[in-house]
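Engineer: I'd like to ask some things about the structure below.
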Amino acid sequence: VMSIVKRFIPLMDRVLVQKIKTEAKTASGIFLPDTAKKDPNWAKVLATGPGRLSKEGELLPMNIKVGDTVVIPEYGGVTLNFDNEEYHVFRDEDIMGVIQDE
């Protein structure tokens with residue numbers, strides 16, 4: 001993961017994330033086929049841009065930071081494939097929320 005973060009730097013208010021994959025088995029140890037499991041719309045933030053500019057030219061900071069676990073839309077964004085891994089780029093305003101630790 002570190003190589004992609006060093007090579008790809010999001011511009012403006014864009015965010016590079018990688019979706020969090022679910023476990024392939026239930027709590028009782030039964031393995032689920034790929035068609036039966038539904039990945040959550042959660043992702044780990046790997047890199048963020050500096051933010052976007054307001055109409056007055058003022059830099060509006062990002063709402064999230066690297067390392068946050070966020071809720072992303074089911075559709076949208078741009079899919080990138082680097083080193084046989086899938087990553088996604090969204091705008092800051094498309095991120096639906098942050099999942100905080102308890």
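Engineer: Report the local net charge at G76: Lys and Arg +1, Asp and Glu -1, summed over other residues whose C-beta lies under 10 Å from its C-beta.
Structural biologist: My count for the surroundings of G76 gives -1.
Engineer: Within the accessible area of segment 48-92, what % is carbon and sulfur when the probe is 1.4 Å and the other protein chains stay in place?
Structural biologist: 49 percent
Engineer: Provide the per-residue ³J(HN,Hα) series for segment 83-96, in order, calculated from phi with Karplus coefficients 6.51, -1.76, 1.60 and θ = phi - 60°, each as a whole number of Hz, with x at glycine and proline positions.
Structural biologist: Once θ is set to phi - 60°, the couplings for segment 83-96 become 6, 6, 10, 9, 10, 9, 10, 10, 7, 3, 5, 7, 5, 8 Hz.
The values are calculated or read from the model by the stated rules, or taken from the named source; none is laboratory data. All values derive from a computational prediction rather than experimental measurement. Note that each Cβ is placed from the backbone with ideal geometry, even for glycine, and that neighbours are counted across all protein chains shown. Remember, those area values only see protein heavy atoms, side chains included, never the ligands or the DNA or RNA. Shrake-Rupley method; radii C 1.70, N 1.55, O 1.52, S 1.80 Å.
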